[in-house]
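*Asks:* Here it is: the structure, laid out below.
The values are calculated or read from the model by the stated rules, or taken from the named source; none is laboratory data. Predicted, not measured: the structure shown is a model, and the values here were computed from it. Reconstructed Cβ throughout: ideal geometry from the backbone, glycine too, with neighbour counts over all protein chains shown. Note: areas computed on protein heavy atoms with side chains; ligands, DNA, RNA excluded. Shrake-Rupley method; radii C 1.70, N 1.55, O 1.52, S 1.80 Å.
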Amino acid sequence: MSLQPIKLGKAPKLSDADAKRPDDLPGKAERVEQLLALKEQMTELQRRLFAQGRQALLVVLQARDAGGKDGTIRRVFGSINPQGCRVTGYGKPTERELQQDYLWRVHTAVPRRGMIGIFNRSHYEDVLVVRVKELVPESVWRPRYEQINDFERMLSENDVTILKFFLHVSKDEQRRRLLRRLEDPKRNWKFNPEDLKARNEWDAYSEAYREALSRCSTDWAPWYVVPADSKSSRDLLVAQVVVDALERMDPEFPTADPDVLRYVSALDTSER
Ligand code: AMP
Ligand code: MG
């Protein structure tokens with residue numbers, strides 16, 4: 001199986017069952033094997049993208065707390081050339097950021113031509129946490145769906161390919177992962193008491209996600225719901241979509257300048 005984009009206007013269910021590992025994926029060993037092959041393809045495609053320097057890829061990752069954003073970045077994108085990739089995380093806006101429109105801090109982090117940009121959270125927080133916690137009135141957040149679509153269309157018309165993933169974990173799996181954060185000294189630092197509050201607002205977040213995903217899954221910036229209870233399945237499904245997109249972007253090494261060929265023939269054979 002491979003992920004299909006959400007159809008515009010069609011809200012995904014986001015039930016707990018939808019977070020489970022899909023039955024039609026191969027067994028674990030095979031999944032790990034396939035991910036490795038996809039990562040090799042990704043590395044090669046990124047080399048071309050960087051050398052060509054004409055188009056960019058933006059990957060947006062959203063999830064609930066403990067939904068696996070950090071793990072996905074490490075496990076799916078961990079082997080590409082760090083020079084061609086930039087990860088930007090979004091927390092609570094600073095005082096300075098609050099003085100600007102909500103897309104300001106996002107726009108400056110959009111990958112330049114040749115680069116892959118990864119957003120760990122994104123401008124979607126401005127219709128998710130902001131909506132659920134009522135940080136601004138509805139009259140302010142509601143028009144943002146259209147504003148975001150316009151913004152993303154503008155980017156896509158300027159050589160930025162956009163892919164958006166919602167890593168969907170079930171309530172049980174989130175519980176397991178939050179507990180592990182409490183118990184495991186190596187994971188302790190990630191625990192944030194705020195996460196428990198968000199867990200109590202599970203349904204309000206579901207509703208906010210459903211609306212954001214259905215209103216903003218456009219032809220130019222599609223949303224994918226990733227069943228994310230199983231990490232190896234999640235990784236494989238994300239990697240497939242990314243590699244497909246890079247293949248469609250079809251980056252090519254630029255052809256050598258005729259001068260380069262002259263230099264080659266001028267090179268002393270002893271130096272070769
Ligand atoms: P983490 O990703 O665990 O570092 O947490 C970042 C926190 O910042 C999360 O609780 C987000 O909900 C919060 N956050 C991100 N963007 C915004 C925003 N635009 N307004 C308010 N809170 C935000
Ligand atoms: Mg957190």
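*Asks:* Quick one: pull the percent of accessible area on the chain belonging to carbon and sulfur, 1.4 Å probe, ligands and nucleic acids left out.
*Replies:* Numbers: 7230 of 14630 Å².
Using a 1.4 Å probe with all protein chains present, the chain comes out at 49 percent carbon and sulfur.
*Asks:* Is the shape of segment 12-125 rounded, prolate or oblate, going by the alpha carbon gyration tensor and its root eigenvalues a ≥ b ≥ c, with a/c under 1.5 for rounded and a/b larger than b/c for prolate? Display every interim value, and only then the final one.
*Replies:* Working: a/c = 2.62, a/b = 1.20, b/c = 2.18.
It comes out oblate by the Cα gyration axes.
*Asks:* Can you list the residues, at least 5 places off or on another chain, whose amide H is less than 5 Å from the amide H of residue 55, using H built in the peptide plane?
*Replies:* The list, which skips near neighbours in sequence, is 114.
*Asks:* Excluding same-chain residues fewer than 8 positions from residue 10, which aspartates and glutamates have a Cα within less than 14 Å of its Cα?
*Replies:* Candidates past the 8-residue exclusion: 207, 211, 219.
*Asks:* In addition: Tell me the mean residue ellipticity at 222 nm calculated for the chain from its helices only (DSSP H runs of n ≥ 4, each -39500 (n - 2.57), averaged over every residue, nearest 500). Kindly include the intermediate steps, with their values, before the conclusion.
*Replies:* Working: 12 runs with 126 residues, N = 272.
So the calculated ellipticity at 222 nm is -14000 deg cm²/dmol.
*Asks:* Still on this structure, I have one more. Sequence neighbours fewer than 8 away in the same chain don't count; with that in mind, list the aspartates and glutamates whose C-alpha is under 15 Å from residue 190.
*Replies:* 65, 70
*Asks:* What translational diffusion coefficient, in µm²/s and rounded to a whole number, does the Stokes-Einstein relation yield for segment 146-272 at 25 °C and a viscosity of 0.890 mPa s, taking the hydrodynamic radius as the Kirkwood radius over Cα pairs?
*Replies:* Details: Rh = 19.1 Å.
Using the Kirkwood radius from Cα pairs, D works out to 129 µm²/s.
*Asks:* Now, a different point. What length, rounded to one decimal in nm, is gained on full extension from residue 112 through to residue 97, with 0.36 nm per residue of separation minus their alpha-carbon distance? Could you put the intermediate results ahead of the total?
*Replies:* Details: separation 15, 0.36 × 15 = 5.40 nm, distance 2.12 nm.
Computed gain between residue 112 and residue 97 is 3.3 nm.
*Asks:* Enter the accessible area of residue 94 (Å², nearest 10), with the probe set to 1.4 Å and all protein chains included.
*Replies:* 70
*Asks:* Would you mind checking the tilt of helix 202-215 against the longest principal axis of the Cα atoms of the chain, expressed as 0 to 90 degrees and rounded to 10?
*Replies:* 50
*Asks:* A further question on this structure: What full-extension length gain, to one decimal in nm, is calculated for residue 264 and residue 79 as 0.36 nm per residue of separation minus the Cα-Cα distance?
*Replies:* Numbers: separation 185, 0.36 × 185 = 66.60 nm, distance 3.20 nm.
That works out to 63.4 nm of additional length.
*Asks:* Are any of the pairs 133/186; 13/92; 13/133; 7/39; 28/133; 39/197 more than 32 Å apart by Cα-Cα distance, and if so, which?
*Replies:* 28/133; 39/197
*Asks:* Let me ask another. What area, in nm² and to one decimal, does the C-alpha convex hull of the chain cast on average over all directions? All intermediate terms of the calculation are to be shown ahead of the outcome.
*Replies:* Values: hull surface 73.9 nm².
Averaged projected area of the chain's Cα convex hull equals 18.5 nm².
*Asks:* Now for a separate question. If we count GluC sites (Glu not before Pro) as exposed when they sit in a DSSP loop and have at most 11 other beta carbons within 10 Å, what is the longest stretch of the chain that avoids them all?
*Replies:* Numbers: sites that count: 134, 157, 252.
Answer from the scan: 1-133.
*Asks:* Another question about this same structure. How much area per residue is accessible in the chain when the probe is 1.4 Å and only protein heavy atoms are counted (Å²)? Present the calculation step by step, with values, prior to reporting the outcome.
*Replies:* Numbers: 14630 Å² over 272 residues.
Per-residue value: 54 Å².
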